[in-house]
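Asks: Have a look at this one before I ask anything.
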Amino acid sequence: MAILLAKSPLSDIAEKVEAGERLSFEDGVRLYQTNDILALGKLADTVNRRKNGDVVYFVQNHRITPTNVCAFHCNFCSFRRNGNEPDAFVRTPEQIIDHVGRLFSERTREFHIVGGLVPDLDVEYYADIIRELKDHYPNVHVKAFTAVEIDYMAQISNMDWRTTLEILRKAGLDALPGGGAEIFHPEVRRKICPEKVDGDGWLEIHGIAHELGIKTNATMLYGHIETLEQRVDHLLRLREQQDKTGGFVTYIPLAFHPENNNLGRVKKLDWTTGFEDLKNLAIGRLLLDNFAHVKAYWISLTPRLAQVALSFGVSDVDGTVIEEEIYHAAGAKTEQGISRAELVHLVTTAGKTAVERDALYNHIAVN
Ligand code: V47
């Protein structure tokens, strides 16, 4: 490594990575400023191989969307509806079970649940969904509700975050997804999602979940109005929280999709590029030295770029992702769902070992 990057402007960072030293804010900014993505990839790959060898994880999973009705008005969102729009829906727990039943495969291992914020639904509605799913499918993990949803249902139910999470955990909640993080910096948050719980609140909710034994993921929405410094700030705040409570498992950088939302329409923001996407994955791997995994979300990146990302520090490709709605509303051109065989092919033809997992990274099968 030292030889490979000897003449690179990144050679001092490479030395730190080689020695297993933590990277600084300034290092992070320099990593974002470089166009040498091969050097970035090599460094991120070194770190990932140390943690995961040549193993890449995937899961057979379903998305479940209880509702697209949302009281908030985030500028990047293409998915929300007002309650009176013709395509608005709020599904009862029974309707959700009925719908899942039609798509369920015996090999499904994870339900990933995320939706809008409905003013008249308290925590019992969400707990009922989890209980019904666990009754019908006791062997499937439930990874459900972002910190933003937890905050909102807590407010509606007049209770604190801890009590809300305890009720959901008792109902069967296994993990929290990483959504709602966007960009923590208040200047950006005020412009793109002013109604959402702030960055400190998002981190605190995840910290409480960790204390209750609930594993969680973390995301960063990039490619809109944020600066490189604000990205690095976001990542270092995640790293700091992980030092304190240790329950984050996977980091997922999320590429902004510009169709059918205000940021795309009014600000005329464009799609991110493959170059930018690979950079964000690799830098996530390098700065988040205390996270086990970085995920390439193929729904947004395409399966082809997700495969290349396996050489840029990535150790997870999410899963079969049946019925995704948020990214397709915002213009994603990827298929709805991918087969297990295609995922295995994508991983193994990159020279890696594909390991099927559940939501908590227990091994189900090695391919
Ligand atoms: O929080 C919304 C993002 C997130 C757009 O935990 C958009 O395993 C791009 O969090 N363009 C929800 N992104 C999705 C999410 C997620 C995805 C995959 C895996 C996991 C996990 C979590 O989607 C939101 C927001 O950041 N989002 N609109 C858009 N137009």
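The values are calculated or read from the model by the stated rules, or taken from the named source; none is laboratory data. What you see is a predicted model; the values in this text were computed from it and never measured. Don't worry about glycine lacking a Cβ; one is built from the backbone with ideal geometry, like all the others, and counts go over all protein chains shown. With ligands, DNA and RNA removed, areas are computed over all heavy atoms of the protein, side chains included. Shrake-Rupley method; radii C 1.70, N 1.55, O 1.52, S 1.80 Å.
Asks: Looking at (1) among the aromatic types (F, W, Y); (2) open to solvent by less than 20 Å² (accessible area, probe 1.4 Å); (3) part of a helix (DSSP H, G or I), which is the only condition F111 fails?
Replies: (3)
Asks: Report the residue count in region 253-268 for those that are among the aliphatic types (A, V, I, L, M) and open to solvent by 40 Å² or more (accessible area, probe 1.4 Å).
Replies: Residues meeting the conditions: 1.
Asks: Taking the stated definitions as given, is K215 basic (K, R) and touching a strand residue (DSSP E or B) at 6+ places or on another chain (Cβ under 6 Å)?
Replies: Spelling it out, K215 is indeed basic (K, R) and touching a strand residue (DSSP E or B) at 6+ places or on another chain (Cβ under 6 Å).
Asks: Still on this structure: Evaluate region 269-276: report whether one residue or more is out of contact with any Phe, Trp or Tyr (no Cβ under 9 Å at 6 or more places or on another chain), assigned to a helix (DSSP H, G or I), open to solvent by 10 Å² or more (accessible area, probe 1.4 Å) and small (G, A, S).
Replies: Checked region 269-276: at least one residue is out of contact with any Phe, Trp or Tyr (no Cβ under 9 Å at 6 or more places or on another chain), assigned to a helix (DSSP H, G or I), open to solvent by 10 Å² or more (accessible area, probe 1.4 Å) and small (G, A, S).
Asks: So which residues in region 280-300 are part of a helix (DSSP H, G or I) and either more than 24 Å from L360 (Cβ to Cβ) or in contact (Cβ under 8 Å) with a residue 60 or more places away in the chain (or both)?
Replies: Within region 280-300, N280, L281, A282, I283, G284, R285, L286, L287 meet the criteria.
Asks: Select, from R231, R285, the only residue that is crowded, with 19+ Cβ neighbours inside 10 Å and either over 30 Å from Q60 (Cβ atoms) or hydrophobic (A, V, I, L, M, F, W, C) (or both).
Replies: Step by step, each of R231, R285 is checked, and only R231 is crowded, with 19+ Cβ neighbours inside 10 Å and either over 30 Å from Q60 (Cβ atoms) or hydrophobic (A, V, I, L, M, F, W, C) (or both).
Asks: Suppose we keep only residues that are touching a helix residue (DSSP H, G or I) at 6+ places or on another chain (Cβ under 7 Å) and assigned to a strand (DSSP E or B) within region 301-318. Which one would you say is surrounded by the fewest Cβ atoms within 10 Å (Cβ to Cβ)?
Replies: D318
Asks: Under the condition of being open to solvent by less than 20 Å² (accessible area, probe 1.4 Å) and in contact with a helix residue (DSSP H, G or I) (Cβ under 6 Å, 6 or more places away or on another chain), which residue from region 335-359 is nearest to N262 (Cα to Cα)?
Replies: By that ranking, first place goes to L346.
Asks: Which of the helices (runs of 4 or more DSSP H) contained wholly in region 1-105 include at least 1 residues that are touching a Gly at 6+ places or on another chain (Cβ under 8 Å)?
Replies: 37-52
Asks: Among the numbered conditions (1) within 22 Å of T65 (Cβ to Cβ); (2) open to solvent by 20 Å² or more (accessible area, probe 1.4 Å); (3) assigned to a loop (DSSP other than H, G, I, E, B), tell me where A332 comes up short.
Replies: The failed condition is (2).
Asks: I'd like the full set of residues that are β-branched (V, I, T) and either closer than 14 Å to D200 by Cβ or open to solvent by less than 20 Å² (accessible area, probe 1.4 Å) (or both), limited to region 218-228.
Replies: If the condition is that a residue be β-branched (V, I, T) and either closer than 14 Å to D200 by Cβ or open to solvent by less than 20 Å² (accessible area, probe 1.4 Å) (or both), then T219 is the only one that fits.
Asks: Also, I was wondering about something else. Do we find that E182 is within 14 Å of the ligand (Cβ to nearest atom), at positive phi and either in contact with a helix residue (DSSP H, G or I) (Cβ under 7 Å, 6 or more places away or on another chain) or among the polar types (S, T, N, Q) (or both) in this structure?
Replies: Considered against the rule, which asks whether it is within 14 Å of the ligand (Cβ to nearest atom), at positive phi and either in contact with a helix residue (DSSP H, G or I) (Cβ under 7 Å, 6 or more places away or on another chain) or among the polar types (S, T, N, Q) (or both), E182 comes out as yes.
Asks: May I ask you to say which residue of E342, E324, E356 is among the charged types (D, E, K, R) and assigned to a loop (DSSP other than H, G, I, E, B)?
Replies: Among E342, E324, E356, only E324 is among the charged types (D, E, K, R) and assigned to a loop (DSSP other than H, G, I, E, B).
Results for (1) within 12 Å of the ligand (Cβ to nearest atom); (2) of a type in the set (D, E, K, R); (3) over 17 Å from the mean Cα position of the chain (by Cα); (4) modelled with pLDDT of 95 or more, shown as yes or no for each residue.
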site: A171; (1), (2), (3), (4): no, no, yes, yes
site: L176; (1), (2), (3), (4): yes, no, no, yes
site: G199; (1), (2), (3), (4): no, no, no, yes
site: A209; (1), (2), (3), (4): no, no, no, yes
site: L235; (1), (2), (3), (4): no, no, no, yes
site: P253; (1), (2), (3), (4): yes, no, no, yes
site: P258; (1), (2), (3), (4): yes, no, yes, yes
site: W271; (1), (2), (3), (4): yes, no, yes, yes
site: D277; (1), (2), (3), (4): yes, yes, no, yes
